[in-house]
1. I need the Debye-formula profile for segment 42-128: one equal scatterer per C-alpha, no solvent, reported as log10 I(q)/I(0) at q = 0.17, 0.22 1/Å, two decimals.
2. Show me the GluC sites (Glu not before Pro) within segment 77-125 that DSSP assigns to loop and that have at most 11 other Cβ atoms within 10 Å of their Cβ.
3. Restricting to DSSP loop positions (anything but H, G, I, E, B) with no more than 15 other Cβ atoms inside 10 Å of their own Cβ, which chymotrypsin sites (Phe, Trp or Tyr not before Pro) remain in segment 81-165?
4. Beyond 27 Å between alpha-carbons counts as too far, so tell me which of K84/K236; K108/K168; K108/K243; K84/K237 fall in that bin.
5. Treat each spin label as a single point 7 Å out from the Cα along the C-beta direction, and report the D54 to E120 distance in nm.
6. Starting from the Cα of K84, step 7 Å toward the Cβ, then list every residue of segment 49-65 with an amide N under 17 Å from that point.
7. Pick out, in residue order, every one of the trypsin sites (Lys or Arg not before Pro) in segment 136-178 that is DSSP loop and has at most 14 other C-beta atoms within 10 Å; say none if there are none.
8. Give me the net charge of R45's neighbourhood, meaning all other residues with Cβ under 11 Å from the Cβ of R45; Lys, Arg count +1, Asp, Glu -1.
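Each reported figure results from applying straightforward, stated rules to the coordinates on display, with no laboratory input. Keep in mind it's a predicted model, so treat the numbers as computed, not measured. As a convention, Cβ positions derive from the backbone with ideal geometry for all residues, glycine included, and neighbour counts pool all protein chains shown.
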Amino acid sequence: MTEYTHVKSTKLVLKGLKDKTKKKKHKDKKRKREDEAEKVDIVGRWWAVSNFGDITGTVSIEMQNNSYVHALDTGLFTLGAPHKDDEGPDPPEQFTAIKLSDTRIALKSGYGKYLGINSEGVVVGRSDAIGSREQWEPVFQDGKMALLAANSCFISYSESGDIMAMSKTAGEGEMVKLNRSLPSQMCSHSGCLFIKVTLPHLQTGNITNHTFIQKKFQSFQDRRLRVNEEGSEVLKKARTDGKFHEALLDRRAKMKADRYCK
């Protein structure tokens, strides 16, 4: 009997029976974690950038509880009043970002002046051209951002009420959020992540051809493109009224064939 003790014993598996000891994969939990990781910080039409490549166009600098850097007509800057959670920055709190290199940008205020710093480290907007003092370097680390001025100091809100660049290190007081203005409006349908971009060529041409824009976002079983068979009179009227994109999205939502507009 000693020979039998050296034989490795295994569970008897009959043909046709499935092994119930196999662990089930929790796909729903995995997808939920992925969705949370890819969640974008969007407030109204403003999106918080997370890397240098996303900085372009109209931007705002957010500090402390939905408060933004506010340009004054004196050429100085202060911290604006807090906004509601669904509100974006006011016009004096909006700037134009201009890329100067792979790491540096320039910021232009609504008064047509470039943001820079003076000899005391105070952020001012009084220059008509971009010089060495008007160059800024966004620094990203661990999901946070700080804005480095030309004097190698990070900007923050001072007790005097001014925006200044005085600290060589970036602490909690120097953490800011650079928000970018989306060039389009988010779809109003529930659960929709599709962005309606205003393209000039969509405003002209054959109405029927424009309905094929939905092909990229459809999810279906028969692998065929589905186009709404309703008449084009509604779309023609919508384009005249300036609501062409909204009408297209409504048609896609009614078909229940679009994974972003259901």
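1. Evaluating at q = 0.17, 0.22 Å⁻¹ gives log10 I(q)/I(0) of -0.73, -1.16.
2. E120
3. Answer in residue order: Y111.
4. Where the Cα-Cα span goes over 27 Å, the pairs concerned are K84/K236; K108/K243; K84/K237.
5. 3.6 nm
6. What the label zone holds, given the 17 Å backbone N cut-off, is no residue at all.
7. Those satisfying the criteria are K168.
8. Neighbour charge sum, excluding R45 itself: -1.
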